[in-house]
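What follows is one structure encoded as structure tokens, with my remarks underneath.
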Amino acid sequence: MSNEIYSNPLTERYASVEMQKIFSPYNKFRTWRTLWIALAESQKELGLDISEEQISEMKDGADEIDFEKAKEYEKKTRHDVMSHVLTFGEACPKAKAVMHLGATSAFVGDNTDLVVYYRALETIRKKLAVLILKLSEFAIEHKSQATLGFTHYQPAQLTTVGKRATLWIQDLHMDLLDLEHLMENYKIRGVKGTTGTQASYLELFNGDHGKVMQLEMKVAEKIGFKDVFDVAGQTYSRKFDFKILSILSGIAQTLHKMTNDIRLLQNLKEIEEPFAKNQIGSSAMAYKRNPMRSERIASLSRYIMNNLGNASATVSTQWFERTLDDSANRRIVIPETFMATDAILDIAANISTGLVVNENVIKSDIEKELPFMMTENILMEAVKKGGDRQELHERIRVHSMEAAKQVKQLGKPNDLLERIAEDATFKLNLEDLKLLMNPNLYIGRAPEQVDDFIEKIIEPIKKTYGEYAKAEVEMKV
């Protein structure tokens, strides 16, 4: 491609070759031909005067597409479907008389879109499952690694690194369930005619409603689907596009949240995304390790989420049986949303296989905050030694305020434990208090929750998708 004209960053930098091939012109127009063949075959099987020779000619010529000739025809006809009907007809002169028989442009256009989207969803489903499995390995490895929890981005009770990862995985699992449900209930447009009434097909079969119904299901089965939309206008309802993009938006929301967490943790130096040996973090500040992969996911996710609004606008402005103002929009929005989703899943899988956990930094951060968090345990121990709970509570409050002043205003270490040890009211020495400083006393059931989550949620996913998780994921840039 020339460097003197615009190139799409999604194809140049982000989306996988696999996803690009699914949305390629060749795959689109080859699927058109598959549909024309399926239609002719089904019509022949139901008694129309179509010869086996005509079917064979179409099959033999299906793979070779003269794109230049199709462009020439489109300049003349101003109609993309007719340009390819004419191009295919030239390649199959015996079959051209029965090609596209009774069909409208939406027969190939809409059905092909749905076939392509289904294949793209298969790729997204596989990559989503792989990401879940890779993150699950990280969760298992760090299920007992105590770390500060955060609410309002303020230090809160302890959790574990692995438990936090299950929060990300659970959202991804919800996305996977939504995706699987959509695919299990997937439909194609079918054989519906100009305004969805099947009038042209009813005419072809001399008013035989049964044969028209058989025709629709035969075509669907020949291209690999079991169900069709019960009713349609000239096009299938664009509400279905919105449902597809809703799934992709959901994935983007999840990954945006996950990578925001990683970016914040990287600022704290507790967890870092992978950093290549020769990677440059900043052109000016050579010491920097910027979370650029997580930032890229956030950036692309924002694009994906905003495209959902575009799809909802298209649904709401379709007049009666159809209007063409959806066409140019859908050509851009839907493929690009798929490619951006494909990209963020690959990047996220790449991050997940190399997340760096800086345990010493995490321990240091815990030590700074834990004295405040363990005050309830200190209170209980002091009560056991005969202290008055209400009096002790007030003493801890006063000592906590003074210790916080040391940390925040004077930049000194947290000396809360020393203050309590020196206060005879508590009847606890420094050694007693240090026994309570074990972070594992404050993580609750976090490790067990990870184990339960893995057994209940992850093991079934592994049985279905485990073979895909073996491949390494590489980024283009």
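The values are calculated or read from the model by the stated rules, or taken from the named source; none is laboratory data. Small disclaimer: the values here were computed from a predicted structure and weren't measured. Here Cβ is always computed from backbone atoms with ideal geometry, including for glycine, and neighbour counts include all displayed protein chains.
What are the residues in segment 403-426 that are part of a helix (DSSP H, G or I) and over 16 Å from LYS368 (Cβ atoms), if any?
ILE420, ALA421, ALA424, THR425, PHE426
Which ones in segment 321-334 are acidic (Asp, Glu) and either more than 16 Å from ASP80 (Cα to Cα) or free of Cβ contacts under 8 Å to residues at least 12 places away in the same chain (or both)?
Of everything in segment 321-334, those that are acidic (Asp, Glu) and either more than 16 Å from ASP80 (Cα to Cα) or free of Cβ contacts under 8 Å to residues at least 12 places away in the same chain (or both) turn out to be GLU321, ASP325.
Taking interchain pairs and intrachain pairs at least six residues apart, which have beta carbon atoms under 6 angstrom, with the first residue in segment 75-100 and part of a loop (DSSP other than H, G, I, E, B) and the second among the acidic types (Asp, Glu)?
CYS92/GLU57; LYS94/GLU57; ALA95/GLU57
All but one of (1) farther than 30 Å from HIS79 by Cα; (2) assigned to a helix (DSSP H, G or I) hold for PHE107; state the number of the condition that does not hold.
PHE107 satisfies every listed condition except (1).
Which pairs turn up if I take residues in segment 335-350 that are outside the structural domain of ASP241 (by TED's automatic domain parsing) and look for partners that are of a type in the set (Gly, Ala, Ser) and crowded, with 24+ Cβ neighbours inside 10 Å with beta carbon separation below 8 Å, at least 6 apart in sequence or on another chain?
none
Across segment 60-74, which residue is nearest to the chain's Cα centre (by Cα) among those that are hydrophobic (A, V, I, L, M, F, W, C) and part of a helix (DSSP H, G or I)?
PHE67
Is it the case, given these coordinates, that VAL407 is among the aliphatic types (A, V, I, L, M) and either touching a helix residue (DSSP H, G or I) at 6+ places or on another chain (Cβ under 6 Å) or free of Cβ contacts under 8 Å to residues at least 12 places away in the same chain (or both)?
Spelling it out, it is not the case that VAL407 is among the aliphatic types (A, V, I, L, M) and either touching a helix residue (DSSP H, G or I) at 6+ places or on another chain (Cβ under 6 Å) or free of Cβ contacts under 8 Å to residues at least 12 places away in the same chain (or both).
Which one is surrounded by the fewest Cβ atoms within 10 Å (Cβ to Cβ) among residues in segment 64-90 that are under 21 Å from PHE107 (Cβ atoms) and of a type in the set (Asp, Glu)?
GLU90
Results for (1) assigned to a loop (DSSP other than H, G, I, E, B); (2) closer than 26 Å to ASN307 by Cα; (3) assigned by TED's automatic domain parsing to the domain that holds ARG296; (4) of a type in the set (Gly, Ala, Ser), shown as yes or no for each residue.
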| site | (1), (2), (3), (4) |
| --- | --- |
| MET174 | no, yes, yes, no |
| GLY190 | yes, no, yes, yes |
| MET213 | no, no, yes, no |
| ALA232 | yes, yes, yes, yes |
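Of all residues being more than 25 Å from ALA252 (Cα to Cα) and among the polar types (S, T, N, Q) in segment 112-159, which is surrounded by the most Cβ atoms within 10 Å (Cβ to Cβ)? Just the residue, please.
Taking the candidates together, the pick is THR147.
Six or more apart or on different chains, Cβ under 7 Å: which pairs go from a residue in segment 144-155 that's within 13 Å of ASP261 (Cα to Cα) to one that's assigned to a strand (DSSP E or B) and among the β-branched types (Val, Ile, Thr)? Could you list them?
GLY149/THR159
Please determine, by comparing only the residues of segment 18-51 that are among the charged types (D, E, K, R) and more than 23 Å from GLY193 (Cα to Cα), which one is surrounded by the fewest Cβ atoms within 10 Å (Cβ to Cβ).
The selected residue is LYS21.
So, in segment 39-74, exactly how many residues are closer than 18 Å to TYR26 by Cα and either charged (D, E, K, R) or in contact (Cβ under 8 Å) with a residue 24 or more places away in the chain (or both)?
Within segment 39-74, residues that are closer than 18 Å to TYR26 by Cα and either charged (D, E, K, R) or in contact (Cβ under 8 Å) with a residue 24 or more places away in the chain (or both) number 16.
Does ARG322 satisfy the condition of being out of contact with any Phe, Trp or Tyr (no Cβ under 9 Å at 6 or more places or on another chain) and either in a loop (DSSP other than H, G, I, E, B) or at pLDDT below 95 (or both)?
yes
Looking at segment 21-31, which of its residues are assigned to a helix (DSSP H, G or I) and of a type in the set (Phe, Trp, Tyr)?
Scanning segment 21-31 gives TYR26, PHE29.
Between GLU4, GLU53, GLU57, GLU18, which is over 22 Å from ARG189 (Cβ atoms) and assigned to a loop (DSSP other than H, G, I, E, B)?
Within the list GLU4, GLU53, GLU57, GLU18, the selection yields GLU4.
Among the residues of segment 373-404, write down those that are over 23 Å from LEU148 (Cβ atoms) and free of Cβ contacts under 8 Å to residues at least 12 places away in the same chain.
VAL383, LYS384, ASP388, ARG389, GLN390, GLU394, VAL398 - these are the residues of segment 373-404 that are over 23 Å from LEU148 (Cβ atoms) and free of Cβ contacts under 8 Å to residues at least 12 places away in the same chain.
Condition check: within 30 Å of ILE344 (Cα to Cα), of a type outside the set (S, T, N, Q) and surrounded by 14 or more Cβ atoms within 10 Å (Cβ to Cβ). Does GLU57 satisfy that?
Taking the combined requirement at face value, the residue does not satisfy it.
Outside the structural domain of ILE124 (by TED's automatic domain parsing), among the small types (Gly, Ala, Ser), more than 34 Å from the chain's Cα centre (by Cα) and part of a helix (DSSP H, G or I) - does that describe any residue in segment 32-39?
Within segment 32-39, not a single residue is outside the structural domain of ILE124 (by TED's automatic domain parsing), among the small types (Gly, Ala, Ser), more than 34 Å from the chain's Cα centre (by Cα) and part of a helix (DSSP H, G or I).
Can you tell me which residue within segment 427-448, out of those that are in a helix (DSSP H, G or I) and crowded, with 18+ Cβ neighbours inside 10 Å, is farthest from the chain's Cα centre (by Cα)?
Here the residue is LEU433.
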